Ligand SMILES: Nc1ncnc2c1ncn2[C@@H]1O[C@H](COP(=O)(O)OP(=O)(O)OP(=O)(O)O)[C@@H](O)[C@H]1O
C-alpha cells in the first residue's frame, strides 16, 4: 500500500474528512474547489494536524491519534510541491534547488536539471520566472530532498500543453524508477487520465 489515510479535521465551520487506501504508483486526488484537497496534503505532510485518524505512507506510520504518534514534518520526508510553489525569493534558482538538499537527492543534480529543462534558469531570480518555469524548479527542489514520497498540488496548472507532456513523463518516470508513492491534486482530466493509477474523489459526503 502506498497511502493508507484516514483523516478528519475541523477548519472553521468546515469539517474535512477523507479515508482511502491506494496501492503503489500515482494516486490522483480530485474534487471541487474548496473541498479540502490541499488540507489533506498538509495533513499528510505534517503541516496540519488531523483531529483524528492515521496517516501511513509506504510502510511508515506518520500519524496515529490513538497511538499518539505524530512525526514532525521535517522527519516525514515528503517532497511537497505547493500550489503556490513557494520558492525562496532571495535565492537564485540554483540556490533554491540546493536548499534542503539531502544526501545525493533522488538523482544527480545535473540529470534533474536536464530532465526538467531548467539549466538556463539556474542564475535567475524566482521573481523573473514564468509560472511554468517556477513549477519545474519547485518539482526539482522536491526531488533534491531525497523524498520518501511526493505530494504534488496542481503541479501542471500553469503549463501549456507543449510543456505538460514532458512534465507528466517526468512525474511518471520518477514514480516508477524510484518506486515513490505520489499523491497528486489536479483539476485537469487529461492529467488525471494520463498519470493516475488510482483516483480518489473528494465530495460533499467525504467532507462537510
Ligand atoms: N485555516 C483555516 N481556517 C478556516 N478555514 C480554512 C482554513 N484553511 C482552509 N480553510 C477552508 O477549508 C476548505 C478547504 O480548503 P482547501 O484549500 O484544502 O481546499 P481545496 O480542495 O484544496 O481547494 P482548491 O481546489 O480551491 O485549492 C476551504 O473552504 C477553505 O476556505
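Of note:
- Normalised by the number of residues in the chain, the mean separation of alpha-carbon contacts (under 8 Å, six or more apart) gives a relative contact order of 32 percent.
- Using alpha-carbon coordinates, inclination of helix 161-177 to the longest axis of the chain, degrees: 70
- Helical content alone sets the calculated 222 nm signal of the chain at -9000 deg cm²/dmol, taking -39,500 (n - 2.57) per DSSP H segment of four or more residues and averaging over every residue.
- GNM flexibility winner over the chain from 83, 194, 148 (Cα, springs under 10 Å): 194
- Pair residue 11, residue 74: separation of 7 Å Cα→Cβ label points (nm): 2.5
- Taking every DSSP beta bridge that has both ends in the chain, the antiparallel portion is near 55%.
- Fraction in percent of alpha-carbon pairs per bin - 10 Å, segment 19-167: 10, 38, 34, 15, 2
- Convex hull volume of the C-alpha atoms in segment 98-198, normalised per residue: 100 Å³.
- Fewest-first sequence of 99, 80 by Cβ atoms within 10 Å of each Cβ: 99, 80
FYI, it's all coordinate maths here, none of it is from the lab. It should be emphasised that the depicted structure is a prediction, and the values quoted were computed from it without experimental measurement. Neighbour counts are summed over all protein chains in view; Cβ atoms, including those assigned to glycine, are modelled from backbone coordinates with ideal geometry.
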